[in-house]
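These notes concern the structure reproduced below.
The values are calculated or read from the model by the stated rules, or taken from the named source; none is laboratory data. Model, not experiment: these values are computed from the prediction. Note that we place each Cβ from the backbone using ideal geometry, even for glycine, and neighbour counts take in every protein chain shown. What goes into the accessible areas is simple: the full protein's heavy atoms, side chains included, and nothing from ligands, DNA or RNA. Shrake-Rupley method; radii C 1.70, N 1.55, O 1.52, S 1.80 Å.
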Number of protein chains: 4
Amino acid sequence: LHAALKHKPHITMDDGADLISLLHTDYAAQAKDIYGSMEETTTGVIRLRALERDKKLKLPVVAVNDARTKNMFDNRYGTGQSTLDGIIRATNILLSGSVFVVAGYGWCGRGLASRARGMGARVIVTEVDHLVALEAVMDGFEVMPMADAASKGDIFCTVTGNTHVIRKEHFAAMKDGAVVCNSGHFDVEIDMKALATSAGAPPKELRHSLQEYILPGGKRLLVLAEGRLVNLAAAEGHPPTVMDMSFATQSLAAEYVAKNKGKLEIKVHTLSLEIEELIASLKLRSMGVAIDTLTDEQKNYLASWEGGT
Amino acid sequence: LHAALKHKPHITMDDGADLISLLHTDYAAQAKDIYGSMEETTTGVIRLRALERDKKLKLPVVAVNDARTKNMFDNRYGTGQSTLDGIIRATNILLSGSVFVVAGYGWCGRGLASRARGMGARVIVTEVDHLVALEAVMDGFEVMPMADAASKGDIFCTVTGNTHVIRKEHFAAMKDGAVVCNSGHFDVEIDMKALATSAGAPPKELRHSLQEYILPGGKRLLVLAEGRLVNLAAAEGHPPTVMDMSFATQSLAAEYVAKNKGKLEIKVHTLSLEIEELIASLKLRSMGVAIDTLTDEQKNYLASWEGGT
Amino acid sequence: LHAALKHKPHITMDDGADLISLLHTDYAAQAKDIYGSMEETTTGVIRLRALERDKKLKLPVVAVNDARTKNMFDNRYGTGQSTLDGIIRATNILLSGSVFVVAGYGWCGRGLASRARGMGARVIVTEVDHLVALEAVMDGFEVMPMADAASKGDIFCTVTGNTHVIRKEHFAAMKDGAVVCNSGHFDVEIDMKALATSAGAPPKELRHSLQEYILPGGKRLLVLAEGRLVNLAAAEGHPPTVMDMSFATQSLAAEYVAKNKGKLEIKVHTLSLEIEELIASLKLRSMGVAIDTLTDEQKNYLASWEGGT
Amino acid sequence: LHAALKHKPHITMDDGADLISLLHTDYAAQAKDIYGSMEETTTGVIRLRALERDKKLKLPVVAVNDARTKNMFDNRYGTGQSTLDGIIRATNILLSGSVFVVAGYGWCGRGLASRARGMGARVIVTEVDHLVALEAVMDGFEVMPMADAASKGDIFCTVTGNTHVIRKEHFAAMKDGAVVCNSGHFDVEIDMKALATSAGAPPKELRHSLQEYILPGGKRLLVLAEGRLVNLAAAEGHPPTVMDMSFATQSLAAEYVAKNKGKLEIKVHTLSLEIEELIASLKLRSMGVAIDTLTDEQKNYLASWEGGT
């Protein structure tokens, strides 16, 4: 990061607001020369909004992370496939007929639950938010606390963004041979320390990314990729055909910043709807899909309706 | 409405901002006595926001329509089922193996497309918004302009909120025996006048809510409920087990207004997240579904993460 | 039936082997004048095979029931839709988010389970056959004994062809408000007498085809169509677009019998594959669907492969 | 094989009837010492039935391949998952939103079509059998000849058991970047010679199991595993949790042969229903699934119904 800033860039692409952090401290003198910065993570955006709220933000930033072309597609469609890919590569387990527990029903969880069901698994969802849990129920999934799901699942995958979602008491309740993995935020979603303590002995490496812990009494629990992101550790991450949208969002945001050099207000900008529509339209075109356009009559109808008449 | 206002109510429940309109014109004197009003339609909310923007709003209003407990559930899960119910009652057509064209992929369209697929239909989606169209593609649906879909569909259903989505040129391209209906906004989504003109002769009533138009050359088109909402006209509307959430939202909004008599700012309020969570939690409880709660450790993790550390 | 036989028909279409029964007893003299008879039920075919086995069969019969164009399509695709149609008309219950118990995973049960899931229900299957139960598990359904399912279901539907599948002990375990119906064989699948005895008082007619039984303690159970076939009693039976295949099978079988007058061996004939293929090809053509044909090279490959080289 | 026979086995497990072939030619003298042989392939069973028909069969054989515990499970549930696994490992392509062409709708094709849809693909099926094609239509898939599908597909997979299902004219019609693979019988389903001839130059190895052919005009076609079975070549084949059923079938068939030493008629035996039920019940038990058992009343009902009363 220091090296990057020593090159005195005009536009920065940030992950977690780390560059921005430096530009407000050690490299504060450079901030005025930056046309704008893009931020691609939720954590980073939160930091930026905190800076903005405290009126300390020194340069315009674009919350690329908040673009629907970024989060709605790679989180949902990418995670669904790549997580199952990681689980299958690590275990070669048959999903059909298995009981698959998805912890968290956000975009990642929805994608994963939908794909696991599509592969023939019976899916159980755990959640902490009542509205989201109700959507999962209405989507036909069984919803219950992890304490109840623990004894039912054959495969567990956390996608919550939170910490210690699968804990000591859950390991204790699991079936012999249960597979446990994480495709969420960091490697904190599964309480690996609690598992190591419960097991006593170090795990046995059965295959690449597949470790077997033996609990007192002989029960075996299979942990993938040591609790790190299973789609990155045991497979190849998201397919390029969905990451292309995230990268298009980044680069068009950069173009926007470059073209508006010196004109952008110092605040957290969201990507314009025009750019999002452009990315989606290019993606559709690349897939050979055409869609309707509004007729003049329809534009008038919507306009007058929006006007409330 | 006049009668309602002559009773000098303290709280009003509005549909389309019609009461509010009177309270800003003929009954303007009463506005100051109203604790607050609830609005349950999109159209109404748009009018209210226009009033607010113009600084003409005279009383606090709650945009009940914008609550997720209102629009995400009855639009999606209610419309999906009740629309198919209406189509089947009117026609007794087999959905399995049919080509089902859904015009519009909003909440209603998603619900309908998902349920039609679940009944064995092959679903084609038409859209005007690139981002939404891309979601439909990623969800596995075929997406194309109505001009192309017209010659492929066995059943067409509009859920766009727009006007004349199925027009003269589309009728001309349709297959003999195609079924055409609407479950969207008003009876304007299908251009019924164009169809009547194309047909020349008046339609034949084949069954309740099922009219047959014969086009030059002998092609028969079957229109349900004269283009009005097929789930209301040919079936019973949404099941009570999803409308309960909409009504709970209305009544808890009313309670909130009553409890905060005189304290609400004069503006368009959105329902608090607490009330939404309460409704969802009550609904889950009524279904016998329990969910997880955050541990203290998790609350701290989220808090510190939200703080950006 | 007597009237029919008094007309001295040359070809008969039978249901349950009742005509055949008369042609082997009171009207035995006529049997030799009949070119052949078609039988469209499982029960009838069983009777005919018993007659054949005992060498008492007096005329050629065609087991139309055994044609795949008959049983694989109307049982599976017809029953799935029409049963849900009956349940929704009788109750207007929301399937989305409900727990739907399907008793029996034969063709009818598969169709029903698949469609109920497609409408957003969480489906539990009960079975007595291990192989079939295992298929249900692999298809992603939860499988358990009725004794366990009884306390979990919101809606129960029997499609087993057996008797007293839902019994006194199951009613006792059900939730308040549970919906119970049958779409299987006859009205014997639900033990209605046991329910009546448990309830004490006669049921209350809530809507057409919807009766409420109140059990000691106040629990309400909702029975549809008095346990008779819910798709016939509360809806319109199978859509014509699937019955057309069953009727085509009947009429082409009749044509076959007529064309082969005097040449058919006296036994239970199964419909020739050629006729089945013809029906399927006509149905596909009516739907506008074309398929591939084998190349000469492929025919040779299959022939030589079948020869084992 | 020669080595195996030189050990003078009493029971043989065969694949493709190769051992049996030797036991009817070079090792004919040993045939009388063999208690029985198991055959696990369709091709082998066809050869055996040919031998039986010609009254040349010299020892009892069990058509293990015909057991439902063998073919209904690994073909359907195994192939569905392992084929997608192979495709994803070779290409890391996003299935969601892709057009996936499945050639052949047998057990393998059904499994594959169902799983590809479950992963978000839009599935097109090609078939040569009208009845089977009609089932695919009724299951909601688009059915068309390969000549039409060729220009629509993003991914093609053959599972027909036939030869040259994808040919020169199909390659010519495909889109730039189309992925072509086989998970059917042998490496003959895709006409690789025709592709090599069309391309002129040898293919480029892009990744393991992924070759790029460039056609005149510059169109790129991606072939996986040189047209051999993609689930074996690019992934790990079927998961053990479904192969266990096939192996259980083999070993229980062997036990049956051993226990009935000298008593088995010289013919092609099918595995008894009792053994199939045993395997299924053991598999269910291993998954923790219990099912219903018939009551005495139900047994009587079925017996009397089967008797025709």
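The set of residues in segment D:15-40 being closer than 19 Å to D:Ile275 by Cβ and modelled with pLDDT under 90 consists of D:Glu40 alone. When the test is whether a residue is surrounded by 22 or more Cβ atoms within 10 Å (Cβ to Cβ), within 14 Å of chain A (Cβ to nearest Cβ) and charged (D, E, K, R), D:Asp176 does not pass it.
Residue-by-condition table, conditions (1) open to solvent by less than 30 Å² (accessible area, probe 1.4 Å); (2) over 28 Å from B:Ala121 (Cα atoms); (3) within 14 Å of chain A (Cβ to nearest Cβ):
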residue: D:Phe141; (1), (2), (3): yes, no, no
residue: D:Met144; (1), (2), (3): yes, no, no
residue: D:Ala147; (1), (2), (3): no, no, no
residue: D:Lys204; (1), (2), (3): no, yes, no
residue: D:Leu221; (1), (2), (3): yes, yes, no
residue: D:Asp244; (1), (2), (3): no, yes, yes
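Residues in segment C:246-268 that are among the charged types (D, E, K, R) and either in contact (Cβ under 8 Å) with a residue 24 or more places away in the chain or within 14 Å of chain B (Cβ to nearest Cβ) (or both): C:Lys261, C:Glu265, C:Lys267. Look at segment D:163-181: where a residue is over 14 Å from D:Gly104 (Cβ atoms) and a partner is of a type in the set (Asp, Glu), sitting 6+ places away or on another chain with Cβ atoms under 8 Å, you get D:Arg167/D:Asp191; D:Lys168/D:Asp191; D:Lys175/D:Asp154; D:Gly177/D:Asp154; D:Ala178/D:Asp154; D:Val179/D:Asp154.
Would you say C:Thr79 is open to solvent by less than 10 Å² (accessible area, probe 1.4 Å) and modelled with pLDDT under 95? Judged against the criteria, C:Thr79 is a match. Here D:Lys168 fits the description: out of contact with any strand residue (DSSP E or B) (no Cβ under 6 Å at 6 or more places or on another chain), within 13 Å of chain C (Cβ to nearest Cβ) and either farther than 17 Å from D:Leu224 by Cα or modelled with pLDDT of 95 or more (or both). Among the residues of segment A:110-127, is any open to solvent by 20 Å² or more (accessible area, probe 1.4 Å), away from chain D (no Cβ under 14 Å) and either without any contact (Cβ under 8 Å) to a residue 12 or more places away in the chain or within 22 Å of A:Asp74 (Cα to Cα) (or both)? Yes, the conditions are met somewhere in segment A:110-127.
Mind checking which residues of segment C:35-44 are open to solvent by 10 Å² or more (accessible area, probe 1.4 Å) and part of a helix (DSSP H, G or I)? Working first, answer last.
Step one: of segment C:35-44, the residues open to solvent by 10 Å² or more (accessible area, probe 1.4 Å) are C:35, C:40-43.
Hits for segment C:35-44 are C:Thr42, C:Thr43.
If the condition is being within 22 Å of C:Trp107 (Cα to Cα) and either open to solvent by 10 Å² or more (accessible area, probe 1.4 Å) or modelled with pLDDT under 90 (or both), then segment C:50-72 contributes C:Asn65, C:Asp66, C:Arg68, C:Lys70, C:Asn71, C:Met72.
Limited to segment A:55-109, what total is found for residues that are in contact with a Phe, Trp or Tyr (Cβ under 6 Å, 6 or more places away or on another chain) and either within 14 Å of chain D (Cβ to nearest Cβ) or not in a strand (DSSP E or B) (or both)?
Narrowing segment A:55-109 to residues in contact with a Phe, Trp or Tyr (Cβ under 6 Å, 6 or more places away or on another chain): A:75-76, A:96, A:101.
After this cut, where a residue has to be either within 14 Å of chain D (Cβ to nearest Cβ) or not in a strand (DSSP E or B) (or both) as well, the list is A:75-76, A:96.
Number of matching residues: 3.
Of all the residues in segment B:271-307, those that are within 24 Å of the chain's Cα centre (by Cα), hydroxyl-bearing (Ser, Thr, Tyr) and crowded, with 16+ Cβ neighbours inside 10 Å number 1. Here is the figure for segment B:1-20: residues that are surrounded by fewer than 18 Cβ atoms within 10 Å (Cβ to Cβ) and part of a helix (DSSP H, G or I) total 6. Looking at A:Gly218, A:Gly237, just one residue is over 17 Å from the mean Cα position of the chain (by Cα), on the phi > 0 side of the Ramachandran plot and either not in a strand (DSSP E or B) or not basic (Lys, Arg) (or both), and that residue is A:Gly218.
Would you tally the residues in segment D:250-289 being under 20 Å from C:Thr126 (Cβ atoms) and not in a helix (DSSP H, G or I)? Matching residues across segment D:250-289 total 3. The set of residues from segment C:206-219 being farther than 14 Å from C:Thr91 by Cα and surrounded by 19 or more Cβ atoms within 10 Å (Cβ to Cβ) comprises just one member, C:Tyr213. Counting residues in segment C:187-202 that are free of Cβ contacts under 8 Å to residues at least 60 places away in the same chain, at the interface with chain D (Cβ under 10 Å from one of its Cβ atoms) and not aliphatic (A, V, I, L, M) gives one or more.
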